[in-house]
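Colleague: One structure coming up, written as C-alpha coordinates, with questions to follow.
The values are calculated or read from the model by the stated rules, or taken from the named source; none is laboratory data. Everything quoted here is computed from the prediction, not taken from an experiment. Here Cβ is always computed from backbone atoms with ideal geometry, including for glycine, and neighbour counts include all displayed protein chains.
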Amino acid sequence: MQSALCGHLQLHYLKDDRVVVIPGVIRKPVLSWIPTRIGIRGKLSNFLGYTMAHDENSSVDEELAKLEAECQKTAKAIGDARSVREVTALDDVDVPHHLRTIAHSKVPTLGRLRRMKDMRIEEIVKNQLSAIQLERNELVASREFDRIKAGDWYILRASYPDLYVKSLREATLILERKRQRK
(Lines give C-alpha, C1' and ligand atoms only; values in the text may rest on other atoms or scores of the structure.)
Protein backbone atom coordinates (compact mmCIF):
# COMPACT_ATOMS: atom_id res chain seq x y z
CA MET A 1 0.00 0.00 0.00
CA GLN A 2 1.38 3.40 -1.05
CA SER A 3 0.39 6.72 0.47
CA ALA A 4 0.46 10.27 -0.81
CA LEU A 5 -0.44 13.61 0.64
CA CYS A 6 -2.55 15.82 -1.63
CA GLY A 7 -3.29 19.16 0.00
CA HIS A 8 -5.06 18.15 3.16
CA LEU A 9 -6.09 14.74 1.88
CA GLN A 10 -4.24 11.57 2.55
CA LEU A 11 -4.54 9.02 -0.25
CA HIS A 12 -3.82 5.34 0.17
CA TYR A 13 -3.34 3.16 -2.93
CA LEU A 14 -4.42 -0.41 -2.32
CA LYS A 15 -3.08 -3.43 -4.22
CA ASP A 16 -6.23 -3.75 -6.35
CA ASP A 17 -5.78 -0.17 -7.69
CA ARG A 18 -8.46 1.33 -5.49
CA VAL A 19 -7.83 4.61 -3.76
CA VAL A 20 -8.90 5.29 -0.21
CA VAL A 21 -9.26 8.99 0.58
CA ILE A 22 -9.02 10.15 4.15
CA PRO A 23 -10.52 13.66 4.07
CA GLY A 24 -9.36 16.58 6.11
CA VAL A 25 -9.81 20.30 5.79
CA ILE A 26 -9.51 21.07 2.08
CA ARG A 27 -8.25 24.54 1.34
CA LYS A 28 -6.46 24.14 -1.98
CA PRO A 29 -5.82 20.56 -3.03
CA VAL A 30 -2.90 19.89 -5.33
CA LEU A 31 -4.30 17.88 -8.23
CA SER A 32 -1.40 17.97 -10.70
CA TRP A 33 -0.61 14.29 -10.19
CA ILE A 34 -4.18 13.09 -10.83
CA PRO A 35 -4.13 12.96 -14.67
CA THR A 36 -0.96 10.86 -14.70
CA ARG A 37 -2.32 8.58 -12.01
CA ILE A 38 -5.57 8.16 -13.90
CA GLY A 39 -3.77 7.65 -17.20
CA ILE A 40 -1.56 4.91 -15.75
CA ARG A 41 -4.07 3.03 -13.65
CA GLY A 42 -7.28 3.82 -15.52
CA LYS A 43 -9.54 2.71 -12.68
CA LEU A 44 -10.00 5.80 -10.55
CA SER A 45 -13.71 6.40 -10.90
CA ASN A 46 -14.65 9.35 -8.75
CA PHE A 47 -12.33 11.73 -6.94
CA LEU A 48 -13.33 15.15 -5.63
CA GLY A 49 -16.38 15.24 -7.88
CA TYR A 50 -14.55 14.38 -11.11
CA THR A 51 -15.79 11.42 -13.10
CA MET A 52 -12.76 9.81 -14.67
CA ALA A 53 -11.03 6.92 -16.40
CA HIS A 54 -12.98 4.02 -17.86
CA ASP A 55 -16.10 6.03 -18.69
CA GLU A 56 -14.06 8.81 -20.28
CA ASN A 57 -11.91 6.43 -22.30
CA SER A 58 -14.94 4.82 -23.93
CA SER A 59 -16.63 8.18 -24.59
CA VAL A 60 -13.43 9.61 -26.09
CA ASP A 61 -13.10 6.53 -28.30
CA GLU A 62 -16.72 6.97 -29.42
CA GLU A 63 -16.15 10.65 -30.20
CA LEU A 64 -12.97 9.83 -32.13
CA ALA A 65 -14.90 7.21 -34.13
CA LYS A 66 -17.60 9.79 -34.93
CA LEU A 67 -14.91 12.27 -35.95
CA GLU A 68 -13.28 9.66 -38.19
CA ALA A 69 -16.65 8.89 -39.82
CA GLU A 70 -17.27 12.59 -40.41
CA CYS A 71 -13.79 12.96 -41.93
CA GLN A 72 -14.39 9.96 -44.21
CA LYS A 73 -17.71 11.47 -45.31
CA THR A 74 -16.02 14.79 -46.12
CA ALA A 75 -13.19 13.02 -47.96
CA LYS A 76 -15.73 11.15 -50.10
CA ALA A 77 -17.55 14.41 -50.85
CA ILE A 78 -14.25 16.00 -51.89
CA GLY A 79 -13.57 13.10 -54.24
CA ASP A 80 -17.08 13.29 -55.72
CA ALA A 81 -16.98 17.06 -56.34
CA ARG A 82 -17.03 18.11 -60.00
CA SER A 83 -16.23 21.82 -59.70
CA VAL A 84 -13.99 24.10 -57.69
CA ARG A 85 -17.10 25.69 -56.22
CA GLU A 86 -18.32 22.33 -54.86
CA VAL A 87 -14.97 21.56 -53.23
CA THR A 88 -14.64 24.95 -51.55
CA ALA A 89 -18.27 24.84 -50.39
CA LEU A 90 -17.50 21.79 -48.25
CA ASP A 91 -17.04 22.82 -44.64
CA ASP A 92 -13.99 21.81 -42.67
CA VAL A 93 -14.59 19.17 -40.04
CA ASP A 94 -15.19 20.74 -36.65
CA VAL A 95 -13.03 19.11 -33.98
CA PRO A 96 -14.39 19.35 -30.43
CA HIS A 97 -12.19 21.40 -28.12
CA HIS A 98 -11.36 18.54 -25.77
CA LEU A 99 -10.16 16.35 -28.68
CA ARG A 100 -7.94 18.89 -30.43
CA THR A 101 -4.73 17.72 -28.76
CA ILE A 102 -5.12 14.09 -29.84
CA ALA A 103 -7.34 14.33 -32.93
CA HIS A 104 -4.60 14.60 -35.57
CA SER A 105 -2.70 11.60 -34.22
CA LYS A 106 -5.76 9.40 -33.61
CA VAL A 107 -7.75 10.37 -36.74
CA PRO A 108 -5.40 10.17 -39.74
CA THR A 109 -8.00 11.37 -42.25
CA LEU A 110 -8.32 14.69 -40.43
CA GLY A 111 -4.74 15.65 -41.22
CA ARG A 112 -5.16 14.75 -44.89
CA LEU A 113 -8.40 16.64 -45.56
CA ARG A 114 -6.83 20.00 -46.37
CA ARG A 115 -4.30 18.45 -48.72
CA MET A 116 -7.03 16.33 -50.35
CA LYS A 117 -9.04 19.49 -50.94
CA ASP A 118 -6.07 21.27 -52.51
CA MET A 119 -5.20 18.29 -54.71
CA ARG A 120 -8.80 17.91 -55.87
CA ILE A 121 -8.99 21.60 -56.82
CA GLU A 122 -5.74 21.28 -58.79
CA GLU A 123 -7.08 18.17 -60.53
CA ILE A 124 -10.35 19.91 -61.48
CA VAL A 125 -8.46 22.91 -62.88
CA LYS A 126 -6.20 20.60 -64.92
CA ASN A 127 -9.28 18.85 -66.32
CA GLN A 128 -10.83 22.21 -67.22
CA LEU A 129 -7.64 23.31 -68.98
CA SER A 130 -7.40 20.03 -70.87
CA ALA A 131 -11.04 20.45 -71.99
CA ILE A 132 -10.12 23.85 -73.42
CA GLN A 133 -7.05 22.37 -75.10
CA LEU A 134 -8.98 19.47 -76.66
CA GLU A 135 -11.52 21.82 -78.22
CA ARG A 136 -10.73 22.21 -81.93
CA ASN A 137 -12.54 25.44 -82.61
CA GLU A 138 -10.88 28.57 -81.17
CA LEU A 139 -14.20 30.38 -80.66
CA VAL A 140 -15.75 27.44 -78.78
CA ALA A 141 -12.60 27.09 -76.66
CA SER A 142 -12.69 30.81 -75.84
CA ARG A 143 -16.34 30.61 -74.78
CA GLU A 144 -15.65 27.50 -72.70
CA PHE A 145 -12.80 29.32 -70.99
CA ASP A 146 -15.07 32.31 -70.25
CA ARG A 147 -17.73 29.97 -68.84
CA ILE A 148 -15.22 28.21 -66.60
CA LYS A 149 -13.67 31.48 -65.49
CA ALA A 150 -17.07 32.94 -64.55
CA GLY A 151 -18.36 29.78 -62.88
CA ASP A 152 -15.38 28.47 -60.93
CA TRP A 153 -12.29 30.57 -61.11
CA TYR A 154 -13.52 33.52 -59.07
CA ILE A 155 -13.06 31.23 -56.08
CA LEU A 156 -9.53 30.42 -57.21
CA ARG A 157 -8.76 34.11 -57.40
CA ALA A 158 -9.72 34.60 -53.74
CA SER A 159 -8.67 31.32 -52.13
CA TYR A 160 -5.84 30.04 -54.34
CA PRO A 161 -4.24 33.10 -55.99
CA ASP A 162 -1.07 31.29 -57.10
CA LEU A 163 -3.04 28.53 -58.79
CA TYR A 164 -5.33 31.14 -60.35
CA VAL A 165 -2.44 33.08 -61.89
CA LYS A 166 -0.75 29.92 -63.15
CA SER A 167 -3.98 28.54 -64.63
CA LEU A 168 -4.94 31.86 -66.20
CA ARG A 169 -1.52 32.09 -67.84
CA GLU A 170 -1.76 28.53 -69.14
CA ALA A 171 -5.30 29.04 -70.48
CA THR A 172 -4.21 32.23 -72.22
CA LEU A 173 -1.31 30.36 -73.84
CA ILE A 174 -3.66 27.58 -74.99
CA LEU A 175 -6.03 30.10 -76.58
CA GLU A 176 -3.12 32.00 -78.16
CA ARG A 177 -1.80 28.78 -79.75
CA LYS A 178 -5.26 28.07 -81.14
CA ARG A 179 -5.40 31.56 -82.67
CA GLN A 180 -1.96 31.11 -84.25
CA ARG A 181 -2.93 27.76 -85.82
CA LYS A 182 -5.86 29.38 -87.54
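Colleague: Among Val165, Val125, which is over 19 Å from the mean Cα position of the chain (by Cα), farther than 28 Å from Cys71 by Cβ and modelled with pLDDT of 90 or more?
Modeller: Working: Val125 fails: farther than 28 Å from Cys71 by Cβ.
The match here is Val165.
Colleague: Could you tell me which residue of the range 133-164 is surrounded by the fewest Cβ atoms within 10 Å (Cβ to Cβ), considering only residues that are among the small types (Gly, Ala, Ser) and touching a residue at least 60 places away in the same chain (Cβ under 8 Å)? First the steps, then the outcome.
Modeller: First pass over the range 133-164, keeping only residues among the small types (Gly, Ala, Ser): 141-142, 150-151, 158-159.
So of that shortlist, the ones also touching a residue at least 60 places away in the same chain (Cβ under 8 Å) come out as 151, 159.
Numbers: Gly151: 13, Ser159: 15.
Residue satisfying both the conditions and the ranking: Gly151.
Colleague: Another question, if that's okay. Within the group Arg115, Arg100, Arg82, Arg177, which residue is closer than 30 Å to Ser59 by Cβ, surrounded by fewer than 18 Cβ atoms within 10 Å (Cβ to Cβ) and at pLDDT 90 or above?
Modeller: Arg115
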